[in-house]
Amino acid sequence: MGANSFFLPLLKIDYMNFKEKLLQVKAFAFDVDGVLSGGMIPLYPNGEPMRMINIKDGYALHQAVQKGYPVAIITGGNTEAVRARFRGLGVQHIYMGSHYKTDDFSDFLSKCNLTADQVLFMGDDIPDYEVMRSVGVAACPADAAPEIKAIAHYVSACKGGEGCGRDVIEQVLKVQGKWMNDRASFGW
C-alpha cells in the first residue's frame, strides 16, 4: 500500500453523486448549537442559555417527522426549553447533555433499527466529528469549523440557525418525491 492509501475511503465517497446519496437517507440527526441555533448564545441573568431556533428549520423537522423519518437531536446542551421545542415538533429522540455523541447516535440507530449509512447528520464542530465520519451523508452549515467542512459531503449555503436544517431536509424530501406531495405538507 502506498502513502496515499489512507485517503482512498475519502476519495470513494467523493465520487458518489450527492443526490444519489440523498436517496438512501431514511433518518436525520442534528446538533443544536451552531446548527439549529446560531453560534452566539445570549444568557439569561441566571446564566441559563437562550437559544433562537429558525422557524423554517422547525417546519422542515416537523415535515420529516410527519413523513415517517426518525429524527434525533444530539446536543451537548441541556435546557428544558430546547427539549420542549423539539418535542413540540414531534421529535422523539432527543439526547441532551451528550458528551460523547457516538454513544447517543448508536442508541438512536439501535432504537430505530437503522444503520449509520442510512442517516444524514448535520453538525458544526469537533464534538460532531466522529458521528459525521460514520454516516451516509455528513452535512454542516456554512459557518462550521474547518475540520468539519473538510469531512462533510455537503456544506449548506446557510449558516447555523439560519435555515441549514431546512436546506438538507428539503433536499432529501425533494429527491425522494416527498416534498409538498400531500395535504399534510401544507398544514401544521
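Bear in mind these aren't lab numbers, they're just calculated from the coordinates by the rules spelled out. Computed from a predicted structure; not experimentally measured. We place every Cβ from the backbone using ideal geometry, glycine too, and count neighbours over all the protein chains shown.
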>> Give all pairs with beta carbons closer than 9 Å in which a residue from the stretch 159-180 that is free of Cβ contacts under 8 Å to residues at least 60 places away in the same chain and aliphatic (A, V, I, L, M) meets a residue that is surrounded by 21 or more Cβ atoms within 10 Å (Cβ to Cβ) and in a helix (DSSP H, G or I); count only pairs at least 6 apart in sequence or on separate chains.
In response: 180/173
>> For the stretch 129-151, which positions are small (Gly, Ala, Ser) and part of a loop (DSSP other than H, G, I, E, B)?
In response: 136, 142, 144, 145
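Do you know which of the residues in the stretch 109-128 that are assigned to a helix (DSSP H, G or I) and not polar (S, T, N, Q) is farthest from the chain's Cα centre (by Cα)?
Per the stated criteria, the residue is 111.
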>> Filter the stretch 124-144 down to the residues that are surrounded by 24 or more Cβ atoms within 10 Å (Cβ to Cβ), out of contact with any strand residue (DSSP E or B) (no Cβ under 6 Å at 6 or more places or on another chain) and within 21 Å of residue 96 (Cβ to Cβ) and list them by number.
In response: 128, 141
>> I need the full set of residues from the stretch 92-110 which are among the hydroxyl-bearing types (Ser, Thr, Tyr) and either over 14 Å from residue 131 (Cβ atoms) or touching a residue at least 40 places away in the same chain (Cβ under 8 Å) (or both), in order please.
In response: 110
> Scanning the stretch 152-188 for residues that are in a helix (DSSP H, G or I) and charged (D, E, K, R), which turns out farthest from the chain's Cα centre (by Cα)?
Replying inline: 183
